[in-house]
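To start, the structure itself, in structure tokens.
Read-outs throughout are calculated quantities, based only on the coordinates presented, and are distinct from any laboratory measurement. Everything quoted here is computed from the prediction, not taken from an experiment. Ideal geometry is used to build each Cβ from the backbone, glycine not excepted, and the neighbour counts take in all protein chains shown.
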Amino acid sequence: MIKKLFFTLIGIITSVFVTLLFLELLLNFFPVNEGLRTQPVNSEQPIYRFEANREAVYSKHWNFDIRNKVKINNYGFVNNQDYKQASNLPLLSVIGDSYVEALMVPFDKTLAGLLSTNSKNNRVYSFAASGAGLSQHLIWAEYAKKKFNSNFFIFVIISNDFFESISKYEASPGFHRFVLKENNEWELSLTNYTPSILRKIFRNSKLAMYLITNLKVQSLLNLQLNLGKGDSRVKYVSNFDADVSEAFWKEAKLVTDIYINNAEKFSGVKKENILFVIDGIRPQLYNMKNNLDISESFWYKIRNYFIMQATLKGFEVIDMQKEFIKDYMQNNKKFEFITDSHWNSVGHAAVTKSIIESDVWSKFLKSK
């Protein structure tokens, strides 16, 4: 009896192993997301970046409906250009989150790529990663100034940048975030990141990467665990909660003030050399008549507050809501993917067009 159970167990284990090996080999023929391989972030290496000098396949969803090949350059940022520390050429730094990182769009069709093409041989570098908030923008701005002597800055603002800037709400490792204290006091705090041995192993497995990054089994498990607990759906406007607490609203306004008031300090340039680009209210902008309630949403209100405060302090601001609507009325093309809210190539082109018409861009081209 024991012998029979032993051989049955061996048979099951062998079958599972052979199946997993078959799937591992099979997935080599598909564009499985390979990941960017975030490097350790700590007090000695405080800048969030990826494994340098590497090309990687990016894909999304179980059927790879969004896929692209990206380059991580010599300094560990997603950009087809290698960055030069010693250069006399003027530098414009584009800073943001996954919208600037733009993994799902070929580089020459991204904001950074298009601006570089139109830069008349001046330098355009991008500093971005998914999950970065306003607080991380400031850190990258300081880095771009000290490391590469950046002369001009474009900051791209997205709806979730405020939430992702506050340490009490977001704790994913590797980023700097604001710790808000009493009497509007604050400080920047870094959550260290060290890739685990298990993560390093999974990085080299097609099957593991497919399950984690394409299929997102962890999200599916969470969904299953939450079934039967009632309707917990939240109304979203531009991929963020439309309704937020009064406490968070006050904190988001404070974070906005901190960000705008410290943009010059961290970037090391005058406000005349800084441009803020504010994303539109998508997808609601395609049919505003049937979306009149967006005026009560968090993104609608914080956008208005940000634009007002930045303008009052003398910064140039591009409101992409107006630019997107104008572009959509002319071309009838949407600015995001069918299955993803990030800008597609049309979105990147529209943002680039607006930036090229700005005063900051004009000064950048004329600078020596």
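Values as computed for the structure displayed
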| item | result |
| --- | --- |
| FRET efficiency, 1/(1 + (r/R0)^6) with R0 41 Å, evaluated for residue 239 and residue 117 via beta carbons | 0.90 |
| Estimated dipole of region 1-105 in Debye, rounded to 20 [Cβ of Lys and Arg +1, of Asp and Glu -1, Cα centre] | 360 debye |
| Two-site FRET efficiency, residue 45 against residue 265, from Cβ-Cβ distance with R₀ of 25 Å, rounded to 0.05 | 0.65 |
| Protection proxy ranking of 338-348, 322-332, 271-281 - average other beta-carbon atoms within 10 Å, highest first | 271-281, 338-348, 322-332 |
| Packing-based exposure ordering (other Cβ within 10 Å, fewest first) of 202, 364 | 202, 364 |
| Nearest-ten-degree value, helix 298-312 long axis tilted from longest Cα axis of the chain | 30 degrees |
| Extension reserve of the residue 312-residue 194 stretch, reckoned as 0.36 nm per residue once the Cα distance is removed | 38.3 nm |
| 0 to 90° range, to nearest 10: angle between helix 2-26 axis and the chain longest Cα axis | 40 degrees |
| Residue order, fewest to most surrounding Cβ atoms within 10 angstrom, among 259, 286 | 286, 259 |
| Dipole of the chain, positive direction: furthest Cα of 48, 318, 237, with charges on the beta-carbon | 48 |
| Efficiency of FRET from Cβ geometry, residue 6 and residue 248, R₀ 41 Å, rounded to 0.05 | 0.10 |
| Electrostatic dipole magnitude of region 266-362 [Cβ: Lys, Arg +1; Asp, Glu -1; Cα centre; debye, to 20] | 80 debye |
| Per-residue Cβ neighbour rank within 10 angstrom, fewest leading, 13, 212, 356, 166 | 13, 356, 212, 166 |
| Distance from region 1-42 to region 250-327 (C-alpha centre basis), Å | 47 Å |
| Cβ charges +1 (Lys, Arg) and -1 (Asp, Glu), total dipole of the chain, debye | 940 debye |
| Computed label-point distance, nm, for sites residue 204 and residue 74 using a 7 Å Cα→Cβ extension | 2.8 nm |
| Selection from 328, 16, 304, by position along the positive dipole direction of the chain (Cβ) | 16 |
| Principal axis box of the chain, alpha-carbon based, largest edge first, Å | 83, 52, 49 |
| C-alpha long axis of helix 134-148 to longest principal axis of the chain, angle in ° | 80 degrees |
| Length added when fully stretched, residue 84-residue 359, from 0.36 nm per residue minus Cα-Cα | 96.4 nm |
| Full-extension gain in nm, residue 63 to residue 367, via 0.36 nm per residue minus C-alpha separation | 104.8 nm |
| Residue-averaged 222 nm ellipticity for the chain, from DSSP H runs of 4+ at -39500 (n - 2.57), nearest 500 | -11500 deg cm²/dmol |
